[in-house]
1. Every residue in region 55-98 that is closer than 21 Å to Gln44 by Cα, modelled with pLDDT under 85 and among the basic types (Lys, Arg), please.
2. Counting just the residues of region 36-54 that are loosely packed, with under 12 Cβ neighbours inside 10 Å and closer than 22 Å to Phe86 by Cα, which one comes out modelled with the lowest pLDDT?
Amino acid sequence: MSESIYHWRKPTGAWQIQQCLPIAPAAARQNLTRWQRIWQGLQQSFRLMVGVHDYQTYLKHMREHHPTIAPMDERAFHRHCLDARFPSQAGKLGKCPC
């Protein structure tokens with residue numbers, strides 16, 4: 001084993017995370033209790049872990065960064081995400097080994 005693990009120090013600097021910002025819009029969070037906000041954050045985290053992307057975040061990104069391009073509707077967005085994760089085209093390898 002390497003000797004460097006014995007000399008480990010906690011990293012310091014300005015790059016450290018100071019605060020995690022929620023992805024949900026501020027208007028949707030205003031009337032929620034602290035526990036409801038925590039629960040929504042957990043739900044969003046679990047959805048992202050299994051590959052279910054957030055359509056509202058996609059719309060916000062499209063408005064801010066690509067205002068001239070029309071965004072996909074919700075059904076097309078989820079189909080695009082599924083095809084990106086599990087390609088159905090012949091000869092294309094996906095992440096699923098089935």
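The values are calculated or read from the model by the stated rules, or taken from the named source; none is laboratory data. Quick caveat, the model's predicted, so the values are computed rather than measured. FYI the Cβ positions are ideal-geometry reconstructions off the backbone, even for glycines, and counts take in every protein chain you see.
1. Arg85
2. Val50
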